[in-house]
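The values are calculated or read from the model by the stated rules, or taken from the named source; none is laboratory data. Computed from a predicted structure; not experimentally measured. Here the Cβ positions follow ideal geometry from the backbone for every residue, glycine too, while neighbour counts run over all protein chains shown.
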Amino acid sequence: MELQILHRDDVLLAVFKPAWTVVHRGLALDGPFLSDAVRETLGVRQVHPIHRLDRQASGPVLFALSSRIAAVMQSQFFSGAIHKSYLALVRGVPPRIGVVDSPVPAKEGGERIPARTEYTLLETARTQPRDVSLIRAVPVTGRFHQIRRHFKHINHPLIGDANYGKGDLNRAFKERYGLCRMGLHAEAFSFDHPVSLQRMTVRAALPDDFLRPLQAMGFQVSNFENE
């Protein structure tokens, strides 16, 4: 795997995770595994992923270079101090702005607990066989498959989502527009640096395997990317 480094300093590393890769072993039986690529690139035996992204999603993943820094960063995730922003392609046309409050599991198979996602409608495309919309989703909490579950809950499932979406619709968008992945991309994470304490943001541009299908659908991606 060719590693795309988004940020690197003495204690943190942020790399781009393409769709269809897994953050680390244990999340799936087969790879490719992002953690392996990071270890090989850095020439170290161990790295510490701070969070995960779904296999079919893309975006930045943060790694700590020591267990001490990992503990500091994970506490930010658990406390909600890290601001996360996603671009999601959903079925239909949701309201221009909205909030989804619906409990979901904190982890796979876990008990349902309160969860909240805020979103903004960015643009709608007149596509076949259904209109679709691109939204910016901000999960206020961090639960298992939260964004995917929440948009299914309000009847606007993500396009390309094999678990919570619609198979016939996913196949149609693959055939018509070349979308061969889930329509979910983590565009930015903002957090307090564990050493300097300065607020910093790591961004990841839309990859071609999501960008080109969006353009084929008629979205004006340059109008909203990384606003």
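Some observations on this one:
- Every residue from segment 195-219 that is closer than 18 Å to ILE159 by Cβ and either of a type in the set (Lys, Arg) or modelled with pLDDT under 95 (or both): ARG212
- In segment 13-72, the residues that are among the hydrophobic types (A, V, I, L, M, F, W, C) and on the phi > 0 side of the Ramachandran plot: TRP20
- Every residue from segment 182-203 that is surrounded by 14 or more Cβ atoms within 10 Å (Cβ to Cβ) and among the small types (Gly, Ala, Ser): GLY183, ALA186, ALA188, SER190
- Here is the figure for segment 126-153: residues that are touching a residue at least 60 places away in the same chain (Cβ under 8 Å) and either of a type outside the set (A, V, I, L, M) or surrounded by fewer than 17 Cβ atoms within 10 Å (Cβ to Cβ) (or both) total 9.
- For segment 80-88, the condition of being closer than 30 Å to ASP10 by Cβ and out of contact with any strand residue (DSSP E or B) (no Cβ under 9 Å at 6 or more places or on another chain) holds for at least one residue.
- Summed over segment 1-48, residues that are touching a strand residue (DSSP E or B) at 6+ places or on another chain (Cβ under 7 Å) and either free of Cβ contacts under 8 Å to residues at least 24 places away in the same chain or not in a loop (DSSP other than H, G, I, E, B) (or both) total 18.
- Qualifying residue in segment 93-108 (condition: in contact (Cβ under 8 Å) with a residue 24 or more places away in the chain, basic (Lys, Arg) and closer than 26 Å to ASP209 by Cβ): no
- For segment 160-197, filtering for residues that are in a helix (DSSP H, G or I) and either more than 17 Å from GLN56 (Cα to Cα) or of a type in the set (Ser, Thr, Tyr) (or both) leaves 5.
- Here the condition is being among the charged types (D, E, K, R), out of contact with any His (no Cβ under 8 Å at 6 or more places or on another chain) and either surrounded by 16 or more Cβ atoms within 10 Å (Cβ to Cβ) or modelled with pLDDT under 95 (or both); of GLU175, GLU123, it holds for GLU123 alone.
- Exclusive hit being aromatic (Phe, Trp, Tyr) and under 24 Å from GLY43 (Cα atoms), set PHE63, PHE77: PHE63
- In segment 49-63, the qualifying residues are those that are in contact with a strand residue (DSSP E or B) (Cβ under 6 Å, 6 or more places away or on another chain) and either in contact (Cβ under 8 Å) with a residue 60 or more places away in the chain or not in a strand (DSSP E or B) (or both), and the one that is nearest to PRO139 (Cα to Cα) is LEU53.
- Qualifying residue in segment 62-76 (condition: under 14 Å from the mean Cα position of the chain (by Cα), under 27 Å from PHE151 (Cβ atoms) and at pLDDT 90 or above): yes
- Within segment 72-101, if we keep just the residues that are in contact with a Pro (Cβ under 8 Å, 6 or more places away or on another chain) and among the aliphatic types (A, V, I, L, M), the residue that is surrounded by the most Cβ atoms within 10 Å (Cβ to Cβ) turns out to be VAL90.
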